[in-house]
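Okay, structure first, notes after.
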Amino acid sequence: MSTALQNQKQLFGHPVGLYVLFFTEMWERFSYYGMRAIFVLYLVGATTDANAGLGWSNGEALALYGWYTMLVYVASIPGGWIADKFLGQKKSVLIGGILLVAGHSILAVEEMYAFYTGLGLIIAGVGMLKPNISTMVGGLYKQGDIRRDKGFTIFYIGINIGAFLSSLIVGYVGEVHGWHYGFGLAGIGMALGLIQYLAGQKHLKHVGNFTGTSENPEEKAAMKRPLTKIEKDRVVVLFISFLLVIVFWGAFEQAGGLMNIYASEKTDRMLMGWEVPASWFQSLNAMFIIFLGTSVAAYWAMRKLKGKVSTSLFKMIIGLIIMGAGFFFMTAAAGQYESNGSSAMYWLVLAYLFHTVGELCISPVALSYITKLAPLKYASLMMGVYFAMTGFGNKLAGLLGEASVALGEYTIFTGIAVFCVGFGLLVMLFRKKLEKLTHGAEDNERIMKHDETEGYEVADH
């Protein structure tokens, strides 16, 4: 395996396999976020409109949105377990892609049975694909390779190119030409991703294979022996870091639910005589990630070279605090609406900007962190648990959105901001103690960095 990793064909300083996974995930996110951009708008759309929706109440729509987005990610646990125990990540991603194409395609049928069947297939498909493709990205790099975090950032930019394009294209098609045309277009995007993944298999021969049949003596031993004390400590740290993940996504995922409805119903969307589609605001987060992703990664790399704190856990805590602070702009928006009967678009833009910077500090970093700390025998399962925590965060987001019906947006937005900032500061107090339990999982990166850039002394131990 080590020799295979060293002999990988490179492109722009990273394995070519990274870009195969990049485009696969890009199209998968195109399909998912495209569908998400119009999901609640379709549910609450009046049945008498030319582009008829289902006529649900906001509370009913947000409840289903919460359950759906939770199950999409909770399904990553069985998806990761199946990969670890039976199939390996590579085959699991393939099966997930096939299920997703089927699910999105069925949503194009204008029948309720097709709607629920499509949602079920999408849940199963994301569960098989999402944790395993992320684990494969980590498998492209040797232990201690400093390029790993940057590789995940590149991968993450791919995710958000798909999300950006889908929010604009699928959102426009769904709102203007018909909801089911939008759902069908999302399915076409996933089909393109699946074709691209199959075409790039020659660059993924050494990664994502089922380790149960591995001939590598180290891998075989790791799969059979019980966890060591160090591995158990690292798993404990991962589970504690997952609390940050639940809180983060519980707040962040207001984007597809409450903030989406707020943009549609309470935001002045007129721009030079033209009304901006509400779903287009979903593209702001992805657009900011595309433009800011490498800058945020470079900032953290610079901090590391200067000997300042730049550990994964520190980045995740800072990400939660920054994202939480962004909700104060939504508090201002709600206050403006209560005073004037409408709120300006710039509040949403500012909120999404802060949410994006926070996301760049926590989400790609968390993916990389798991591949550093998770035991080999549970690599995909731990990634699955991470996405399940994302799912619980999504469910929390739905519950908070439902609560806004009774409590009002002003109270919900302010409460989210205060809690996220406060919780982040609380975890910061215990950061050093938690990092001791990683037993130097990130230390090798510092040593390699020092070797490759003579003259720099990294003091963050």
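The values are calculated or read from the model by the stated rules, or taken from the named source; none is laboratory data. Values in this document were obtained by computation on a predicted structure and should not be read as measured data. Glycine also receives a Cβ, built like all others from the backbone with ideal geometry; neighbour counts cover every protein chain displayed. Heads up: the accessible areas ignore ligands, DNA and RNA and are worked out on the full protein's heavy atoms, side chains in. Shrake-Rupley method; radii C 1.70, N 1.55, O 1.52, S 1.80 Å.
Numerical summary
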read-out: Among the residues listed as LEU437, LEU396, the single one being surrounded by fewer than 24 Cβ atoms within 10 Å (Cβ to Cβ), touching a helix residue (DSSP H, G or I) at 6+ places or on another chain (Cβ under 6 Å) and under 26 Å from VAL40 (Cβ atoms); value: LEU396
read-out: Residue check, ALA333 open to solvent by less than 20 Å² (accessible area, probe 1.4 Å), of a type in the set (A, V, I, L, M, F, W, C), part of a helix (DSSP H, G or I) and in contact with a strand residue (DSSP E or B) (Cβ under 7 Å, 6 or more places away or on another chain); value: yes
read-out: Test: residue in region 400-410 that is among the small types (Gly, Ala, Ser), modelled with pLDDT of 85 or more, buried (at least 24 other Cβ atoms within 10 Å of the Cβ) and within 23 Å of the chain's Cα centre (by Cα); value: no
read-out: Residues of region 295-330 that turn out to be over 27 Å from the mean Cα position of the chain (by Cα) and assigned to a helix (DSSP H, G or I), as a count; value: 1
read-out: Conditions (1) under 14 Å from VAL245 (Cβ atoms); (2) open to solvent by less than 10 Å² (accessible area, probe 1.4 Å); (3) among the aromatic types (Phe, Trp, Tyr): number failed by TYR352; value: (1)
read-out: Set GLU338, GLU359: member being surrounded by 22 or more Cβ atoms within 10 Å (Cβ to Cβ), among the charged types (D, E, K, R) and in contact (Cβ under 8 Å) with a residue 60 or more places away in the chain; value: GLU359
read-out: Region 129-145 - residue that is of a type outside the set (Ser, Thr, Tyr) and under 15 Å from the mean Cα position of the chain (by Cα) and, of those, surrounded by the most Cβ atoms within 10 Å (Cβ to Cβ); value: PRO131
read-out: In region 353-391, the residues that are out of contact with any Phe, Trp or Tyr (no Cβ under 8 Å at 6 or more places or on another chain) and among the aromatic types (Phe, Trp, Tyr); value: TYR369, TYR378
read-out: Qualifying residue in region 12-26 (condition: crowded, with 24+ Cβ neighbours inside 10 Å and either on the phi > 0 side of the Ramachandran plot or of a type in the set (D, E, K, R) (or both)); value: yes
read-out: The one condition in (1) aliphatic (A, V, I, L, M); (2) more than 30 Å from GLY257 (Cβ to Cβ); (3) at pLDDT 85 or above that VAL44 fails to fulfil; value: (2)
read-out: Test for VAL237: is it over 30 Å from GLN336 (Cα atoms), open to solvent by less than 30 Å² (accessible area, probe 1.4 Å), at pLDDT 85 or above and touching a helix residue (DSSP H, G or I) at 6+ places or on another chain (Cβ under 6 Å); value: yes
read-out: Residues of region 121-139 that turn out to be of a type outside the set (A, V, I, L, M, F, W, C) and farther than 13 Å from TYR32 by Cα, as a count; value: 6
read-out: Some residue of region 151-163 being at pLDDT 90 or above, aliphatic (A, V, I, L, M) and within 22 Å of MET70 (Cβ to Cβ); value: no
read-out: Count of residues meeting criterion [surrounded by fewer than 21 Cβ atoms within 10 Å (Cβ to Cβ) and of a type in the set (A, V, I, L, M)] in region 83-98; value: 3
read-out: Of residues in region 203-226 being open to solvent by less than 50 Å² (accessible area, probe 1.4 Å), closer than 11 Å to LEU376 by Cβ and outside any helix (DSSP H, G or I), the one modelled with the lowest pLDDT; value: SER214
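So that you can scan it fast, the table gives a plain yes or no per residue for (1) surrounded by fewer than 23 Cβ atoms within 10 Å (Cβ to Cβ); (2) not charged (D, E, K, R):
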{"site": "GLU275", "(1), (2)": "yes, no"}
{"site": "TRP280", "(1), (2)": "yes, yes"}
{"site": "PHE314", "(1), (2)": "yes, yes"}
{"site": "TYR369", "(1), (2)": "no, yes"}
{"site": "LEU376", "(1), (2)": "yes, yes"}
{"site": "TYR386", "(1), (2)": "no, yes"}
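Results for (1) modelled with pLDDT under 90; (2) over 19 Å from GLU111 (Cβ atoms); (3) more than 21 Å from the chain's Cα centre (by Cα), shown as yes or no for each residue.
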residue: ALA50; (1), (2), (3): yes, yes, yes
residue: GLY59; (1), (2), (3): yes, yes, yes
residue: LEU62; (1), (2), (3): yes, yes, no
residue: GLY66; (1), (2), (3): yes, yes, no
residue: THR69; (1), (2), (3): yes, yes, no
residue: SER92; (1), (2), (3): no, yes, no
